[in-house]
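To keep things clear, I will list the structure first and then write my remarks on it.
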Amino acid sequence: MTYHLGIDGAVPEWLGIGLQNRVHRFDSGRHLHSKKFMTTRTATAYANANIALVKYWGKHDGPLNIPAVSSISMTLDGFGCLVTISSSTSSNHELIIEDKIGDLRASTRLHAYLEQVRMLFPFNGFLRVVSSSNVPYASGLASSAAFFAAIAVAINDFFSLKLSEKNLSLLARLGSGSAARSIFRGFVGLYGGAINHDEAFAFPVESNASLDLCMIAAVVSTKEKSISSRDAMHVCTKTSAFFKEFIATSKKDFHDGIIAFSRGDFLSLGTIMEHSTLKMFAVMWSAMPAINYWQPATVLLINAIYELRKMHGPIAFFTMDAGPNVKILCERSSIDTVKEALLSTCGALTLHTFFPGAGAHRREAKDLHNA
Ligand code: PMV
């Protein structure tokens, strides 16, 4: 798919009416390629990763990354990505990750994203994106969510777009569906389903003050996954025997999740999270060819949570993403009990405990990659 404007300057229909208006406004009024942007200016932003409690899996066809279902997540404190944008003197967009040139896959994905951005907010020339992160790359720990949320905020600053958080979430979603949620702090919803670009935005989910939640990430592996979530979703959408059922039942999970948050009902929330997670994996396993991200340690950890609940009641619930790592939702008061159970069952294991974190935000240049 190419992203050129039509001869008459019109934007392709797939961008949706809202974006067509926006492009026209920017195109006629304020073109984003003054000398000022092309030389010394830089913009830096930070975003935390987020983990879904009610999962999304599958997207609409096309480049807009509209999730097939609505989802709910938790933004993780102190687990994220710092991005700096500047003009590139090269004849292509540049990506530098941890002081090294980004690999072909990451660079190609970034290039496609920045060309989509150019469609929305026309600018001349190319951009240089420098990122550093404490989230392991492409191992189901939401590195791309943090990366694209940080980029969206940096772009907003770099071009002085003054986008609202809602519009930032739309911009981040074009890079990675789940990135839309990292724009917001704490607990976050993201609309998906049969909707247009402008309707697939993230929003803060009201959480009852009685809920004092945290997420423990049990890291089984930080190896890069064998198939990207984007490609895996494509296979599942086309071939999974259970994909339709996942779509049909996820509306209720989303609705019930929002209610559980507002009531402070931890038991319902955890139950919905596990149900949504296991349905997502059932979709992957029933695809042709089947997709599996789990490892033996993933199953061990799940069993450890089941055993823990037998002994202590419903104090912890698990979820996983496109990778083998297990994330456990529990209340602050149960952290020690949960960690002990995981370590005694699974031995040497890296555990990270996260509380709800801040939404994506700009940083001053002086924080540059030392944060
Ligand atoms: O947004 P992506 O393409 O990184 O896909 C994320 C999909 C899951 O993490 C598995 C689920 C979710 O809702 O975040």
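The values are calculated or read from the model by the stated rules, or taken from the named source; none is laboratory data. What you see is a predicted model; the values in this text were computed from it and never measured. Cβ sites come from the backbone with ideal geometry, for glycine too, and all protein chains shown count toward neighbours. SASA here: full protein model, heavy atoms, side chains in, ligands and nucleic acids out. Shrake-Rupley method; radii C 1.70, N 1.55, O 1.52, S 1.80 Å.
Per residue, what accessible area does the chain have, given a 1.4 Å probe and all protein chains present, in Å²?
Numbers: 16040 Å² over 371 residues.
Value returned for the chain: 43 Å² of accessible area per residue.
I need the peptides 246-255, 90-99, 352-361 ranked by packing, meaning the mean over residues of other C-beta atoms within 10 angstrom, with the highest value on top. Display every interim value, and only then the final one.
Working: 246-255: 17.5, 90-99: 14.4, 352-361: 19.2.
Descending mean neighbour count gives 352-361, 246-255, 90-99.
Classify region 162-255 from the C-alpha gyration tensor, please: rounded if a/c falls under 1.5, else prolate or oblate depending on whether a/b exceeds b/c.
Details: a/c = 1.38, a/b = 1.19, b/c = 1.16.
It comes out rounded by the Cα gyration axes.
Taking 25 Å as R0, compute the FRET efficiency from the Cβ-Cβ separation of R263 and L351 and round it to 0.05. Show your work: numbers first, answer last.
On the way: r = 29 Å, r/R0 = 1.16.
E(calc), rounded to 0.05, equals 0.30.
Which shape class, rounded, prolate or oblate, goes with region 99-249 when its Cα gyration tensor gives a ≥ b ≥ c as root eigenvalues, a/c under 1.5 marks rounded, and past that a/b bigger than b/c marks prolate? Walk me through the intermediate numbers first.
Numbers: a/c = 1.30, a/b = 1.17, b/c = 1.11.
Since a/c stays below 1.5, the shape of region 99-249 is classed as rounded.
At a probe radius of 1.4 Å, what is the per-residue accessible area of I302, in Å² to the nearest 10?
For I302, the solvent-accessible surface is approximately 10 Å².
Taking springs between alpha-carbon atoms closer than 10 angstrom, which of D256, D157, D336 fluctuates most in the Gaussian network model of the chain?
Looking only at D256, D157, D336, the biggest GNM fluctuation is shown by D336.
Which one, V299, V129, V54, has the greatest fluctuation when you compute a Gaussian network model over the chain with C-alpha springs under 10 angstrom?
Judging by the Gaussian network model, the answer is V299.
Report the residue, chosen from A180, A348, A154, that carries the largest GNM mean-square fluctuation when the chain is represented by alpha-carbon nodes joined by springs under 10 Å.
Ranking A180, A348, A154 by mean-square fluctuation puts A348 first.
Can you give the local net charge around V153? Use residues other than it whose beta-carbon is closer than 11 angstrom to its beta-carbon, Lys and Arg +1, Asp and Glu -1. The partial results should precede the final answer.
Values: positive: R362, R363; negative: D157, E165.
Result for the neighbourhood of V153: 0.
Just how much of L213 is accessible, in Å², when a 1.4 Å probe is used and the result is rounded to the nearest 10?
Number for this one is 0 Å².
Calculate the FRET efficiency for T271 and R105 from the Cβ-Cβ distance with a Förster distance of 45 Å, rounded to the nearest 0.05. List each step's numbers first, then the result.
On the way: r = 37 Å, r/R0 = 0.81.
Efficiency, from the Cβ-Cβ distance: 0.75.
Just list whichever of K223/K244; K162/K327; K100/K162; K55/K327; K251/K310 have alpha carbons separated by over 23 Å in the model shown. Provide the component values of the computation, followed by the final result.
Working: K223/K244 31 Å; K162/K327 35 Å; K100/K162 31 Å; K55/K327 13 Å; K251/K310 30 Å.
Over 23 Å Cα-Cα: K223/K244; K162/K327; K100/K162; K251/K310.
Can you tally the net charge around S228? Count Lys and Arg as +1, Asp and Glu as -1, for every other residue whose Cβ sits under 15 Å from the Cβ of S228. Could the numbers behind the result be given before it?
Values: positive: K59, R105, R109, K223, K225, R230; negative: D103, E224, D231, D321.
That sum, taken over residues with Cβ under 15 Å, equals +2.
When a/c reaches 1.5 or more, the comparison of a/b and b/c decides; with that in mind, is region 227-367 rounded, prolate or oblate per its Cα gyration tensor? Could you put the intermediate results ahead of the total?
Numbers: a/c = 1.36, a/b = 1.22, b/c = 1.11.
Judged from the Cα gyration tensor, region 227-367 comes out rounded (a/c under 1.5).
Tell me, how many Å apart are the Cα centres for region 226-282 and for region 285-309?
Going from one Cα centre to the other spans 15 Å.
Taking the Cβ of C214 as the center, what net charge do the other residues with Cβ under 10 Å away carry, scoring Lys and Arg +1 and Asp and Glu -1? Don't skip to the end; give the middle numbers.
Working: positive: R332; negative: D77, D212, E331.
Cβ neighbours under 10 Å give a net charge of -2.
Straight distance only, please: which aspartates and glutamates reach the Cα of K238 with their own Cα at less than 18 Å, same-chain residues fewer than 8 apart left out?
Result set, ordered by chain and number: D61.
Which far-off residues, 5 or more places away or on another chain, put their amide H under 5 Å from the one on L95, with H placed in the peptide plane?
G102, V129
With r as the distance between the Cβ atoms of N134 and D61 and R0 = 45 Å, compute the FRET efficiency 1/(1 + (r/R0)^6) and round to 0.05.
Working: r = 34 Å, r/R0 = 0.76.
That gives a FRET efficiency of 0.85.
On a straight-distance basis, which aspartates and glutamates could pair with K279 in a cross-link, Cα separation under 20 angstrom, same-chain partners fewer than 8 positions away excluded?
Cα-Cα hits under 20 Å: D231, E245, D253, D256, D321.
Measure out, as a whole number of angstrom, how far apart the alpha-carbon centroids of region 311-354 and region 39-58 sit.
Cα centroid to Cα centroid, the span is 24 Å.
Would you mind working out the magnitude of the charge dipole of the chain relative to its Cα centre, with +1 at each Lys and Arg C-beta and -1 at each Asp and Glu C-beta, to the nearest 20 Debye? Provide the component values of the computation, followed by the final result.
Working: 35 positive and 30 negative charges, 110 e Å.
Using only the charged Cβ atoms, the result is roughly 520 debye.
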